[in-house]
Amino acid sequence: MKCMRATGLLTAALCLLLSSAVTAGDPEAGKIKASTCMGCHGIEGLTNAYPTFRVPRLGGQHAEYLVDAMQAYKEGRREHPAMRANMANLSEQDMRDIAAWFAAESRD
Ligand code: HEC
């Protein structure tokens, strides 16, 4: 962590505080966390291999929209068994990181 290199107890404490709170999405962390999503969302033509069903494109969508959609699956406001299962273990920070990465992607 870059800021931890700064000297001073106060700075270190502030860094810890900031890194433990839910912060704006980090696309680099999101890229790693999104690797399990790519089996469905990363396939060219956007259809899942088997069973075949259409999967929405996530790249280039607004981060706020993506976080809201993920929360909706997790909470059951949106019904889809595969997506619900995939959201079950994600924290809000995970969702923000993943959304930041997809939002920055403009892959067609
Ligand atoms: C088993 C396949 C599968 C996996 C794995 C999967 N998804 Fe999905 N996802 C879908 C399908 C199918 C839909 C469309 C569901 C519907 O019709 O509501 C969807 C919808 C979404 C949506 C809503 C998109 C929109 O335009 O409204 C988001 C956001 C999303 N997925 C994120 C993720 C993330 C993040 C992961 C990884 C943590 C993930 N998905 C893993 C199949 C998958």
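Nothing in this text is a laboratory measurement; each read-out follows from the coordinates by a stated rule. Given the structure is predicted, the values throughout are model-derived calculations rather than measurements. All Cβ positions, glycine included, derive from the backbone under ideal geometry; neighbour counts span all protein chains shown.
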- Note on the structure: In this structure, the FRET efficiency calculated for ASP26 and ASP68 from their beta-carbon separation, with R0 = 25 Å, to the nearest 0.05, is 0.85
- Convert each backbone phi in the stretch 25-37 into a coupling constant with the Karplus relation 6.51 cos²θ - 1.76 cosθ + 1.60 (shift: θ = phi - 60°), then list the ³J(HN,Hα) values in order as whole Hz, x for Gly and Pro. x, 10, x, 5, 5, x, 4, 5, 5, 7, 4, 6, 7
